[in-house]
Amino acid sequence: MCGIVGYVGKEKALPRILNGLKFLEYRGYDSAGVAYLENNNLKITKEVGRISNLEKLLDEKTETYLGIGHTRWATHGIPSKINSHPHQVGQFTVVHNGIIENYLELKTKLQKEGVKFQSETDTEVIPALLNYYYNQTKNILESISLTLKELHGSFALGIICEDDKEHIYATRFGSPLIIAHDKSGYFISSDVPAILEYTNKYILLDENEIAKISSTDLTIYNEKLQTITKEELTYEGSKEAAKLNGYEHYMLKEIHEEDTVFLDTYNYYVADNKFKDTMPNLKKYQNIHIVACGSAYYVGQIGAKLIAEYANIPCYVEVASEYRYQKNFYDKNTLVIVISQSGETADTLSSLRKAKEDGIDTLAIVNVVASSIAREAKYTLYVKAGPEIAVATTKAFLAQTTLLTLLAIKLANRLDLLEYFKGLEDYIRILLNKDYQKYAQAFYKHNDTFFIGRGIDYALCLEGSLKLKETSYINSVAFQAGELKHGTISLIEEGTPVIGIATRKELIPKTISNIKEVKARGAYVLFLTNEEDNGDYYDDILVIPQVHDIITPILTVIPLQLIAYEVAKLRKCDIDKPRNLAKSVTVE
Ligand code: F6R
């Protein structure tokens, strides 16, 4: 959600900033802008829509060696040139990722001091405050430090002060920011993919730290403005991992990586049918809460059912935006598990912090290394999905499901179940290589669809339905198969597409009777199951390989992802960057 890239160095800044911003497109945005120094004058260019629109207004050959750029995902005020970043007040120009919760209060205070605001954004109070303090102190670092004390919310900031034309300043609280350098100079960025073309070494700025960056020097200050040294991290993946490599879309490429992602995640925690030291000892936990958002929450639902069923441990699942504000009941053996691909989701992070404040142990299941959630949890278990660029999560979902399944086995102390994972990658490949276009054909012209299933299959219905909604903009509802007749079945009419999912032997006949109910009312039914079936109650059938129940969800999700992809393609949607969505949701 919003992306920041800055560069100061010996190479021309605009190509590097624009190239970096393109790598951050996946985070979601609706306008973009840059501020740069040319002949010692600060220039600002902004445009609504894609980065390519901004590019048309810029000359990449411009002699500029210092600049900051931004992709904005609108929160306060519509996507417009005026609301786009960078925002400038007096000496200060700022790009911001995050939300300033007390901006109205700050705005009123500054207006009383005579500051005139141009935009509807929360961000504009930041350069205004910086300028306000700079007028008093004439010291840039002190002004940043005083401003930090006034801001409530989450922010990563790239700052230029026109009284210091050699440096970019950067700071953060809540939202992520990294600093990297190559032979030519320094970068700031919201995420690692933006700098991988140049280097794989980076520094993570911690909360309230301030960086002062020139083309040759980086100084980092703590809250008290004392200089500190920081460890340089190395990005372990290849830079190719963030590229399309011949695929038409990142979503398709990432789904096709699922066999490897499964193996990498499994092998990181298991060897020779035993857990490695990478899997912590969790014996003492007898009560589990799982907290997450969106697809990660659906993984949580799968995990909770597996933990309850196999480990016999009560497991409560809640969406993070609810969990963080409600009364939660813990005991001394409670473990709070948070799941997040990005590791930066604001509600999930706050839920984690809330549990910690209440003295409860936390475990994070995260993809992005060294992200905020990964760093703050007591135990951090990484999934090995690699960079996920498409906004709609796919391979991370499969990796998280794999890891939650392993966690259930660990908690159940049932090492015998690890045997069933052998060769699962081959079944994944079989599913990846099926033709899903024919299924998509039946769906893509409709505006309403239903997914029905029971138990874990219902959690998969939720995920299949979300994938379809977000990528193809088809309204879709997931329902517990048995609940349909308590109201929702009135929506079924002639031709309404329904995907019925049934993969649990004992529940298959139950779900089939619900499928018959919708079929009798005219629905077009696609039956997704793991048993051959010759019934006359569906229009089409998709049979997935039969494996042990505990690992079936890892397979079931694959056709759902690929059907959503094919439907979105037939509807000519912007598959990797669906409208209004952001990859990393750093606001609540
Ligand atoms: C859907 C999707 C979202 C995320 C949710 C949580 O395809 O990607 O629903 O699952 O925003 O994000 P993370 O996992 O980064 O916390």
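The values are calculated or read from the model by the stated rules, or taken from the named source; none is laboratory data. Quick caveat: nothing in here was measured; it's all calculated off a predicted structure. Quick reminder, even Gly has a Cβ in these numbers, built from the backbone with ideal geometry, and neighbours come from all protein chains shown.
Within the range 496-527, track down each residue that is closer than 16 Å to Asp448 by Cα and either within 35 Å of the chain's Cα centre (by Cα) or in a helix (DSSP H, G or I) (or both).
Across the range 496-527, the qualifying residues are Thr496, Pro497, Val498, Ile499, Gly500, Val518, Lys519, Ala523, Tyr524, Val525, Leu526.
For Asp264, the conditions (1) over 25 Å from Asp457 (Cβ atoms); (2) surrounded by 24 or more Cβ atoms within 10 Å (Cβ to Cβ) are fulfilled apart from (2).
Residues checked against (1) aliphatic (A, V, I, L, M); (2) free of Cβ contacts under 8 Å to residues at least 12 places away in the same chain; (3) closer than 18 Å to Ala35 by Cβ:
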| position | (1), (2), (3) |
| --- | --- |
| Phe92 | no, no, yes |
| Val95 | yes, no, yes |
| Leu104 | yes, yes, no |
| Lys109 | no, yes, no |
| Gly114 | no, yes, no |
| Ser119 | no, no, yes |
| Glu124 | no, no, yes |
| Asn131 | no, no, yes |
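With respect to the conditions (1) over 21 Å from Tyr268 (Cβ atoms); (2) in contact with a strand residue (DSSP E or B) (Cβ under 8 Å, 6 or more places away or on another chain); (3) within 15 Å of the ligand (Cβ to nearest atom), Glu344 falls short on a single one, namely (2). Going residue by residue through the range 313-335, is there one that turns out to be surrounded by fewer than 20 Cβ atoms within 10 Å (Cβ to Cβ) and touching a residue at least 60 places away in the same chain (Cβ under 8 Å)? Looking for residues that are surrounded by fewer than 20 Cβ atoms within 10 Å (Cβ to Cβ) and touching a residue at least 60 places away in the same chain (Cβ under 8 Å), one finds at least one in the range 313-335, hence yes. Only one of the listed residues (Leu460, Leu466, Leu404, Leu415) is touching a residue at least 60 places away in the same chain (Cβ under 8 Å) and farther than 16 Å from Tyr297 by Cβ. That residue is Leu415. From the list Leu581, Leu562, the one residue that fits, being touching a residue at least 60 places away in the same chain (Cβ under 8 Å), part of a loop (DSSP other than H, G, I, E, B) and within 16 Å of the ligand (Cβ to nearest atom), is Leu581.
Residues in the range 377-408 that are of a type outside the set (A, V, I, L, M), surrounded by fewer than 24 Cβ atoms within 10 Å (Cβ to Cβ) and modelled with pLDDT of 95 or more: Lys378, Tyr379, Thr380, Tyr382, Lys384.
Can you name the residue in the range 372-413 that is among the basic types (Lys, Arg), away from the ligand (no atom under 12 Å from the Cβ) and within 18 Å of Tyr266 (Cα to Cα) and, of all such residues, is farthest from the chain's Cα centre (by Cα)?
Once the filter is applied, the top-ranked residue is Lys410.
Taking the range 522-540 as the range and being more than 11 Å from Pro497 (Cα to Cα) and either outside the structural domain of Arg454 (by TED's automatic domain parsing) or in contact with a Ser or Thr (Cβ under 8 Å, 6 or more places away or on another chain) (or both) as the test, the residues that pass are Leu528, Thr529, Asn530.
Which of the residues spanning the range 347-357 are over 26 Å from Glu258 (Cα atoms) and either within 14 Å of the ligand (Cβ to nearest atom) or not assigned by TED's automatic domain parsing to the domain that holds Val261 (or both)? If the condition is that a residue be over 26 Å from Glu258 (Cα atoms) and either within 14 Å of the ligand (Cβ to nearest atom) or not assigned by TED's automatic domain parsing to the domain that holds Val261 (or both), then Asp347, Leu349, Ser350, Ser351, Leu352 are the ones that fit. Contact map, the range 480-499: residues that are more than 22 Å from Ala459 (Cβ to Cβ) and of a type in the set (Gly, Ala, Ser) paired with residues that are at pLDDT 90 or above and in a loop (DSSP other than H, G, I, E, B), Cβ distance under 8 Å, separation 6+ or inter-chain. Pairs shown: Gly495/His446; Gly495/Gly522; Gly495/Ala523. Within the range 266-299, if we keep just the residues that are more than 10 Å from the ligand (Cβ to nearest atom) and among the polar types (S, T, N, Q), the residue that is farthest from the chain's Cα centre (by Cα) turns out to be Asn273. Quick one: Ser145 ticks every box in (1) touching a Leu at 6+ places or on another chain (Cβ under 9 Å); (2) of a type in the set (S, T, N, Q); (3) without any contact (Cβ under 8 Å) to a residue 12 or more places away in the chain bar one, so which box is it? Of everything listed in (1) touching a Leu at 6+ places or on another chain (Cβ under 9 Å); (2) of a type in the set (S, T, N, Q); (3) without any contact (Cβ under 8 Å) to a residue 12 or more places away in the chain, Ser145 misses just condition (3). Counting the residues of the range 358-371 that are among the hydroxyl-bearing types (Ser, Thr, Tyr), out of contact with any helix residue (DSSP H, G or I) (no Cβ under 7 Å at 6 or more places or on another chain) and more than 10 Å from the ligand (Cβ to nearest atom) gives 0. Note on the range 27-74: among residues that are of a type in the set (Phe, Trp, Tyr) and surrounded by 24 or more Cβ atoms within 10 Å (Cβ to Cβ), the one that is modelled with the highest pLDDT is Tyr36.
For the range 210-218, the criterion of a residue being in a strand (DSSP E or B) and among the hydroxyl-bearing types (Ser, Thr, Tyr) is satisfied by no position. Do we find that Thr471 is closer than 29 Å to Lys395 by Cβ and either of a type in the set (S, T, N, Q) or in contact with an Asp or Glu (Cβ under 6 Å, 6 or more places away or on another chain) (or both) in this structure? Spelling it out, Thr471 is indeed closer than 29 Å to Lys395 by Cβ and either of a type in the set (S, T, N, Q) or in contact with an Asp or Glu (Cβ under 6 Å, 6 or more places away or on another chain) (or both).
From the list Ile313, Ile255, Ile302, Ile307, the one residue that fits, being within 18 Å of the chain's Cα centre (by Cα) and either farther than 30 Å from Glu566 by Cβ or within 16 Å of the ligand (Cβ to nearest atom) (or both), is Ile255. The residues in the range 455-489 that are assigned to a helix (DSSP H, G or I) and farther than 21 Å from Ile512 by Cβ can be counted, and the count is 8. Applying the condition of being more than 13 Å from Tyr7 (Cα to Cα) and either of a type in the set (S, T, N, Q) or in contact with a Lys or Arg (Cβ under 7 Å, 6 or more places away or on another chain) (or both) to the range 158-190 and asking which residue is surrounded by the most Cβ atoms within 10 Å (Cβ to Cβ) yields Ser175. Within the range 432-448, restricting attention to residues that are farther than 26 Å from Tyr26 by Cα and of a type in the set (A, V, I, L, M, F, W, C), the residue that is farthest from the ligand (Cβ to nearest atom) is Ala442.
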